[in-house]
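What follows is one structure encoded as structure tokens, with my remarks underneath.
The values are calculated or read from the model by the stated rules, or taken from the named source; none is laboratory data. This is a predicted model, so every value here is computed, not measured. Cβ atoms come from the backbone with ideal geometry, glycine included; neighbour counts cover every protein chain shown. Note: areas computed on protein heavy atoms with side chains; ligands, DNA, RNA excluded. Shrake-Rupley method; radii C 1.70, N 1.55, O 1.52, S 1.80 Å.
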Amino acid sequence: MSSFWGRIEDAINERDASSLRRKLTPRLAESVSIDLSNNDYLRLSRHPEVIAAGQEALALWGGSSSASPLVSGYTAAHAALEEQLAHWAGFSYGLVWNAGYSANQAVLGRLPKRGDLVLADRLIHQSMIDGILRSGVRLQRYRHLDIEHLEHLLAGERDADCNVFVVTESVFSVDGDYPDLKAIAALKDRYDFIWILDEAHAIGWYGEQGSGLAEAMQVAPQVDIMVGTLGKGLGSMGAFTLFHQASLRDYLINFSGEFIYSTYLAPVCAVAASKAVELTTLMSSQRAYWQARSRNFRRQISGAPTGDSPIVPILIGDAARTLSIAQLLSEYGFLVGAIRPPTVPTSSSRLRISLNIEISEADEGRLVSLLKEALV
């Protein structure tokens, strides 16, 4: 067994030597730092009405669902949230999951089958990649956001005798950019494919009602399966999938181990998310302002890409330098993400700044000044 322990130590030491070792650091509830590393873009996790709804649910349902969903873990709170989410985003049916990773694993690991083809944006999330690879399908990646390349691949498979799936995120989790969803919808009118869209980082920030980019770009009717999370813009915990066909929901309930064999999401999370959806729909007039602030923030940072999402990446390159700048910002009261390989390609380490609606213009100005000095 000595070789096993040596292998473990060698792997950790290798990560250490290249400044890529991951470590857990507990965050304190009373922290005074400005957290620009998390995904609570609308700050709904601390909203008084979300907290109050959660407290009432906790008293009513307790702290756990205490069972898997097909036993007794599925409650009236989950059912109400599913109906609310589907109506909110322009779909007919919903299903709540314990986590976004589980939802993507199930959808992409169970629905495509060996012999099918998945065409996926090159930078999709690891949860999507893992699900696709587990399914045993043929996978081809098209160049990031390159709709012409996607169409080229679709045209090449026009006569293929298989089911074709197109998989993309709306707002990408690391770079904060997004594809032309209208262009993909137009492709769907010309080619026969099943469209799976992960809206995790767009929810709350885009759309008249705040349900994401599919709503904002008016393509929800063309999306076959939408995946979203409750734990980012909605400030709760868990995830959901939305469908136009009841059969897809029923299939996953019957054949997805991620859904069947795990204690279900606590009802308190479902109730808190439901209140967050209510609040999000009331923020329509504010979304254009948030997007404008994102564009303005990016213009002030050398090397920041254009865009209007809450996720702002700043490419550094070297992993050690990325960690050093993130630590410097932390010392001045700003928590930002330091994203390193293998999450991103070698030599492309970056800061990931998650803007939120509560950061003041004064604090934003301080952050810009710090970044300008650090990036020299």
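In a strand (DSSP E or B), of a type in the set (K, R) and either open to solvent by 30 Å² or more (accessible area, probe 1.4 Å) or modelled with pLDDT of 95 or more (or both): is that true of R141 in this structure? In short, yes. In the stretch 1-40, the residue that is most open to solvent (accessible area, probe 1.4 Å) out of those that are hydrophobic (A, V, I, L, M, F, W, C), free of Cβ contacts under 8 Å to residues at least 24 places away in the same chain and closer than 27 Å to L265 by Cα is L24. The number of residues in the stretch 303-330 being of a type in the set (S, T, Y) and either open to solvent by 20 Å² or more (accessible area, probe 1.4 Å) or at positive phi (or both) comes to 3. Consider only pairs whose beta carbons are under 9 Å apart and that are at least six residues apart or on different chains; among these, list those whose first residue lies in the stretch 144-158 and is closer than 19 Å to S170 by Cβ and whose second residue is loosely packed, with under 15 Cβ neighbours inside 10 Å and of a type in the set (D, E). Final answer for the pair search is L145/D180; I147/D180.
Looking across the stretch 41-82, the residues that are in a loop (DSSP other than H, G, I, E, B), open to solvent by less than 20 Å² (accessible area, probe 1.4 Å) and touching a Leu at 6+ places or on another chain (Cβ under 9 Å) come down to Y41, L42, S65. Of E199, E208, E215, all but one fail to be at pLDDT 95 or above, touching a strand residue (DSSP E or B) at 6+ places or on another chain (Cβ under 7 Å) and among the acidic types (D, E); the exception is E199.
The residues of the stretch 83-93 that are open to solvent by less than 40 Å² (accessible area, probe 1.4 Å) and within 17 Å of L252 (Cβ to Cβ), listed by number, are L85, A86, F91.
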